[in-house]
Amino acid sequence: MTATTLDALLDGARLPVTAPRRFDVAAGLRRLAADARRLAPTPEIARAAQAGHRLGVVCRWVLNEPAAADHVAKIAEEPGSGPLTEEHMDVDGALVFGCLLYLTRHPESAQFWWQLAAGAGSRAAAYCLHLHHLSLGESKRSWHWFHQLTHSMADTAPPDAAFLEGLELFAGYVRTNGSTALAPTCRLEHEVDRLAARTPGSSVIVARPDRQLVDQLQEFTAGR
């Protein structure tokens with residue numbers, strides 16, 4: 001191959017020189033805005049997230065009440081005690097235990113105990129169930145419990161709209177500014193996990209709390 005032929009081949013392989021393209025700022029911003037709209041959560045997802053946050057706030061309030069451990073002690077399993085009957089059911093104890101289960105990542109078990117409490121007339125448990133199902137996107141079940149909360153429990157006065165609105169506003173404040181209500185300690189989580197191990201193969205903790213868990217809960221509330 002001659003030098004002339006090689007030069008001709010190299011000339012043919014060169015890329016054409018083009019003027020640099022100017023970046024279209026306006027078009028770039030429009031693309032970013034369109035991407036943001038696609039990534040923004042749908043109203044249903046946003047509503048579910050807000051409900052989950054409100055439920056976490058409510059559960060912390062309940063668990064941090066000074067009498068929380070005393071109520072759970074009333075439903076605790078003692079040596080020689082029989083099954084928990086409706087006659088011996090402490091409604092607030094079932095509510096508190098459900099909130100503890102929810103905060104220690106046992107939501108199905110929490111639902112079971114909230115249903116026991118709500119069935120015995122606890123409006124607070126009905127509200128927890130409303131938020132729980134709303135956070136899962138289960139609108140029909142959610143509004144069933146909201147109706148129970150506001151209409152169907154005839155033994156006690158229902159909360160008015162202003163109270164529920166105030167509760168939601170406070171939950172929003174906590175999301176922004178934090179709260180003094182503590183989450184369960186690692187020791188409490190360990191006690192719940194120990195209780196869950198008593199019913200292997202089941203996703204729902206139906207076993208009653210025992211004295212060991214109650215003692216740990218009393219230590220938790222005493223440290224407030």
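The values are calculated or read from the model by the stated rules, or taken from the named source; none is laboratory data. Just so it is clear, the model here is predicted, and its values are computed rather than measured. A quick note on method: Cβ atoms are made from the backbone with ideal geometry, for glycine too, and the neighbour counts reach across all protein chains shown.
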Revision key, fill the gap. Among residues of the stretch 100-126 being among the aromatic types (Phe, Trp, Tyr) and crowded, with 24+ Cβ neighbours inside 10 Å, the residue nearest to His147 (Cα to Cα) is Trp114
Practice item. Taking the options Ala181, Ala154, Ala120, name whichever one is modelled with pLDDT under 95 and farther than 24 Å from Val72 by Cβ. Key: Ala154
Revision key, fill the gap. Pairing a residue in the stretch 114-129 that is closer than 18 Å to Ile205 by Cα with any residue that is polar (S, T, N, Q) and assigned to a helix (DSSP H, G or I), where Cβ atoms lie under 9 Å and the two sit 6 or more apart in sequence or on different chains, gives Ala118/Gln148; Ala125/Gln115; Cys128/Gln111; Leu129/Gln111; Leu129/Gln115; Leu129/Ser142; Leu129/Gln148
**Study point:** Residues of the stretch 70-99 that turn out to be surrounded by fewer than 24 Cβ atoms within 10 Å (Cβ to Cβ) and assigned to a helix (DSSP H, G or I), as a count
**Key:** 10
